[in-house]
Amino acid sequence: MNILLVYPGVPDTFWSFKHVLKFISKKSAFPPLGLLTVASLLPREWEKKLIDVNVTELQDEQISWADMIFITAMIVQTESAQEIINRCKAQDKIVVMGGPTATSQPDKFTGVDYFVLNEAETTLPLFLADLAQGEAKPVYSLSDRPDITQTPLPEWSLIDFRDYATMPVQYSRGCPFDCEFCDIVAMYGRTPRTKTPEQMERELQSLLDAGWRGNVFIVDDNFIGNKSNVKKMLPALIQWQKEHKYPFTFTTEASTNLADDEDLMQMMSAANFHKVFVGIETPNLDSLKECGKYQNTTGNLEDAVRVIQENGMQVMGGFIIGFDHDSEHIFEDQIYFIQKVGIVTAMVGLLNALPRTRLWHRLKAEGRLLGESTGENTDAHINFIPTMAREKLVAGYREILSNLYSPRQYYERINTFIKNYKPRVKKRITTEDIMAFIKSIWSIGIRSKARFLYWKLIFKTFFSKIQAVSVAIELAIYGLHFEQVSRKILNV
């Protein structure tokens, strides 16, 4: 059996980093971890190829080679996924689809022969068993939560590491918090399931043995959701990193209560975590309560960001406007907060109701749901009737983006962050890093309108906190991408 695994295209979004990948000669930010893991769940004797259309075109000959095509997609990839399905069906191929969008909205896709939904560890074996008997059903869906200690290693041999900036690894699934707008609980439950320390060591060793060095994104939606288990795993991770001379730097996602646990932050820093995405959402206390984000209401959010930065980790923040309790002051409040605490990578989006979330069900019951979400975190689309006038909300959103990603405001945040930041990351300077710096001199230091801000940042950081120079350069380069994404939204 010849199996073709296809990952659809991701449009130019906040997290795609498409405008800066050229600085490090990469084609995409991350490979598709889901398909790499599914490949390991398929029979060993099957021939497998993986095509990520974000790094290479899908050829008709590749479709012709396959007996069966497996596709997964997020909401933002829906259009690309349907195009791929159409091409496969044009050659009368069997199409199998799973992943988050298929699980929440299977009716969005036409031409799929078999939907294998929810978590593949539970549903894929059922499909394979029935397929072997010639009795495969159109849909496989189970609410059972698999034990992810049994999840196999991803099949790294199916990708070329040279195409990607970062490698993904998963430690846990699920989140103890049930924010109204978030679909993680619907997909993975409120009880975080974790892998064992030994399992994490094996996964990292497999990456190392395959030749990867550099950044690893632990893709958990809340890495510290099960604090007890995380604290048992991190000492093993610290020891593994020491023994292998710190081949990896880690990025992950966590809740703001990370700032309440000094031991946990120190362990993460010692394990070489250097970035953490935190869903801050809003400085408006009433809006936080409205969406059920109570973990952000018990302390000072400004202090939480600073504490994490002081423990050697850059905070990347997620922010939302459009809550029912947002007043006309929310736009300036968001700008003020983000600038004051120095969150350089600030993803601000309009609230949208994702399928199966508590927000989606509430708005539908209130008769306020207008349609489907685009899946993009940062665009001017909103799929429900907000309490604030839509025109005012969109105009305020555009004002936020225009302000935050203007060169002056952006570089001001970098300087604020560098001032608070206490770098502890152990990282080798690579040829890629040197080439990125050289390219940044031309693209920003010479050609850009921000060239004076760029050189001022580089020299100031060099003389005041030299160990943070590489971070300053990286953030300056990221600014080019954020500027382009913001400009696209502002021009719509």
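The values are calculated or read from the model by the stated rules, or taken from the named source; none is laboratory data. Everything quoted here is computed from the prediction, not taken from an experiment. All Cβ positions, glycine included, derive from the backbone under ideal geometry; neighbour counts span all protein chains shown.
Here Val485, Val492, Val471 are screened, and the one residue that is under 25 Å from Gln339 (Cβ atoms), modelled with pLDDT under 95 and crowded, with 18+ Cβ neighbours inside 10 Å is Val485.
Check off (1) closer than 25 Å to Thr78 by Cβ; (2) modelled with pLDDT of 95 or more for Leu153 and give me the number that stays unchecked. So Leu153 meets the others, but not (1). Note on segment 217-229: residues that are buried (at least 18 other Cβ atoms within 10 Å of the Cβ) and out of contact with any Leu (no Cβ under 7 Å at 6 or more places or on another chain) amount to 9.
Within segment 88-137, being in a loop (DSSP other than H, G, I, E, B), surrounded by 15 or more Cβ atoms within 10 Å (Cβ to Cβ) and over 24 Å from the mean Cα position of the chain (by Cα) holds for Lys93, Gly111, Val112, Asp113, Ala136. So is Ala90 under 30 Å from His361 (Cβ atoms) and among the hydrophobic types (A, V, I, L, M, F, W, C) or not? The answer is no for Ala90.
Screening Gly367 with (1) at negative phi; (2) without any contact (Cβ under 8 Å) to a residue 60 or more places away in the chain gives one miss only, at (1).
Could you check, for segment 351-370, whether at least one of its residues is closer than 24 Å to Lys456 by Cα and in contact with a strand residue (DSSP E or B) (Cβ under 9 Å, 6 or more places away or on another chain)?
Among the residues of segment 351-370, not one is closer than 24 Å to Lys456 by Cα and in contact with a strand residue (DSSP E or B) (Cβ under 9 Å, 6 or more places away or on another chain), which makes the answer no.
Within the span defined as segment 342-357, every residue fails to be under 16 Å from Ala259 (Cβ atoms), surrounded by fewer than 21 Cβ atoms within 10 Å (Cβ to Cβ) and assigned by TED's automatic domain parsing to the domain that holds Lys392. Can you say whether Ser16 is hydroxyl-bearing (Ser, Thr, Tyr) and either surrounded by fewer than 18 Cβ atoms within 10 Å (Cβ to Cβ) or touching a Lys or Arg at 6+ places or on another chain (Cβ under 6 Å) (or both), as far as the supplied structure shows? When the stated conditions are applied, Ser16 does not pass them.
Residue-level analysis places Ser40 among those that are in contact with a Pro (Cβ under 6 Å, 6 or more places away or on another chain), farther than 30 Å from Arg358 by Cβ and either surrounded by fewer than 18 Cβ atoms within 10 Å (Cβ to Cβ) or among the polar types (S, T, N, Q) (or both). Starting from residues that are touching a Pro at 6+ places or on another chain (Cβ under 9 Å) and surrounded by 23 or more Cβ atoms within 10 Å (Cβ to Cβ), keep the ones in segment 66-87 and report whichever is farthest from Arg356 (Cα to Cα). Residue satisfying both the conditions and the ranking: Ile84. Of note, Thr196 satisfies the criterion of being of a type in the set (Val, Ile, Thr), out of contact with any strand residue (DSSP E or B) (no Cβ under 9 Å at 6 or more places or on another chain) and surrounded by fewer than 17 Cβ atoms within 10 Å (Cβ to Cβ).
Could you list all residues from segment 55-87 that are polar (S, T, N, Q), farther than 10 Å from Val6 by Cα and under 24 Å from the mean Cα position of the chain (by Cα)?
Of everything in segment 55-87, those that are polar (S, T, N, Q), farther than 10 Å from Val6 by Cα and under 24 Å from the mean Cα position of the chain (by Cα) turn out to be Thr56, Gln77, Thr78, Ser80, Gln82.
Looking at (1) in contact with a helix residue (DSSP H, G or I) (Cβ under 9 Å, 6 or more places away or on another chain); (2) under 21 Å from Phe223 (Cβ atoms); (3) among the β-branched types (Val, Ile, Thr); (4) surrounded by 20 or more Cβ atoms within 10 Å (Cβ to Cβ), which is the only condition Thr298 fails? Unmet condition: (4). Consider Arg390 carefully, then state whether it is assigned by TED's automatic domain parsing to the domain that holds Phe273, of a type in the set (Lys, Arg) and either within 25 Å of Val307 (Cα to Cα) or buried (at least 18 other Cβ atoms within 10 Å of the Cβ) (or both). Here the answer is no, as Arg390 does not meet what is asked. Of the residues making up segment 177-194, not a single one is of a type in the set (Gly, Ala, Ser), in a helix (DSSP H, G or I) and not assigned by TED's automatic domain parsing to the domain that holds Val230.
In this structure, is Ser172 in the same structural domain as Ser228 (by TED's automatic domain parsing), surrounded by fewer than 18 Cβ atoms within 10 Å (Cβ to Cβ) and among the small types (Gly, Ala, Ser)? The answer is no for Ser172. Across segment 323-364, which residue is farthest from His481 (Cα to Cα) among those that are among the basic types (Lys, Arg) and in contact (Cβ under 8 Å) with a residue 24 or more places away in the chain? Among those residues, the one meeting the criterion is Arg362.
Could you tell me whether Asn272 is within 26 Å of Thr357 (Cβ to Cβ) and either among the acidic types (Asp, Glu) or in contact (Cβ under 8 Å) with a residue 12 or more places away in the chain (or both)?
no
Checked across segment 128-142, the condition of being of a type in the set (Lys, Arg) and more than 25 Å from Thr374 (Cα to Cα) holds for at least one residue. I want to confirm something. Restricting to segment 237-257 and keeping residues that are touching a residue at least 24 places away in the same chain (Cβ under 8 Å) and over 30 Å from Asp178 (Cβ atoms), which single residue is surrounded by the fewest Cβ atoms within 10 Å (Cβ to Cβ)? Among them, the one singled out is His244.
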